[in-house]
1. Restricting to the stretch 7-35, what's the tally of residues that are over 13 Å from Ile138 (Cα atoms) and crowded, with 20+ Cβ neighbours inside 10 Å?
2. Out of the stretch 108-143, which residues are assigned to a helix (DSSP H, G or I) and crowded, with 16+ Cβ neighbours inside 10 Å?
3. Kindly indicate the residue of the stretch 36-51 that is small (Gly, Ala, Ser), out of contact with any Cys (no Cβ under 9 Å at 6 or more places or on another chain) and not in a strand (DSSP E or B) and also surrounded by the most Cβ atoms within 10 Å (Cβ to Cβ) among those meeting that condition.
4. For Thr14, state whether it is part of a strand (DSSP E or B) and polar (S, T, N, Q).
5. When you go through (1) at pLDDT 95 or above; (2) more than 20 Å from Leu1 (Cα to Cα) one by one for Gly113, which number turns out not to apply?
6. Would you call Leu104 modelled with pLDDT of 95 or more and open to solvent by 30 Å² or more (accessible area, probe 1.4 Å)?
Amino acid sequence: LSFTILWSPLPPITWLIPFIGHTGIGDSRGIASDFQGPYFVGDQGRMAFGPPTRALTIPILSSPSSMPSAERWDEAIEESNQVYRGRMHNICCDNCHSHVANALNRMPIEAYGISKWDMVKIATLMFFRGRFLSTSAIFYQFG
């Protein structure tokens, strides 16, 4: 899942409000990073709420030369990881979606008509454009 925004549901919250979930970002090797809680970022590929059920690929390899390289993609994720290792988690204002947006803004990158990323844009994009990774993921997403 290289160059992707990743999504995991938060049962039973996601079953009741389907656009609420947990996000992470996959580096150039497909290793996930996600803001898991106060002062803690997982960067070993294991997301806080289980394997991702949805993913959205950011098409950097087929994009114009102004798009970031794989090296810059990875550097931006690591920079964001370092920033969020120093932050308190706030479910409403500074959360896993903010961590992903921070990484994308550091690249900088434009994809899906978005150049200034934030948590609302991440959630909306994942809900409407994220692809399910398996048939069972659909059932897990919606309970």
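The values are calculated or read from the model by the stated rules, or taken from the named source; none is laboratory data. The shown structure was predicted, so the numbers you read here are calculated from the model rather than taken from an experiment. Glycine also receives a Cβ, built like all others from the backbone with ideal geometry; neighbour counts cover every protein chain displayed. Side chains are part of the model used for accessible areas, which takes the heavy atoms of the whole protein and leaves out ligands, DNA and RNA. Shrake-Rupley method; radii C 1.70, N 1.55, O 1.52, S 1.80 Å.
1. Number satisfying all stated conditions: 11.
2. Initially, the stretch 108-143 is screened for residues assigned to a helix (DSSP H, G or I), giving 119-129, 135-142.
Hits for the stretch 108-143 are Met119, Lys121, Ile122, Ala123, Leu125, Met126, Ala137, Tyr140, Gln141.
3. Going residue by residue through the stretch 36-51, those that are small (Gly, Ala, Ser) are 37, 42, 45, 48, 50.
Cutting the leftovers down to out of contact with any Cys (no Cβ under 9 Å at 6 or more places or on another chain) gives us 37, 42, 45, 50.
In the following step, the residues that additionally are not in a strand (DSSP E or B) were identified as 45, 50.
Numbers: Gly45: 16, Gly50: 13.
In this case the residue turns out to be Gly45.
4. Values: part of a strand (DSSP E or B): no; polar (S, T, N, Q): yes.
Judged against the criteria, Thr14 is not a match.
5. (1)
6. Numbers: modelled with pLDDT of 95 or more: yes; open to solvent by 30 Å² or more (accessible area, probe 1.4 Å): no.
Against the criterion (modelled with pLDDT of 95 or more and open to solvent by 30 Å² or more (accessible area, probe 1.4 Å)), Leu104 does not qualify.
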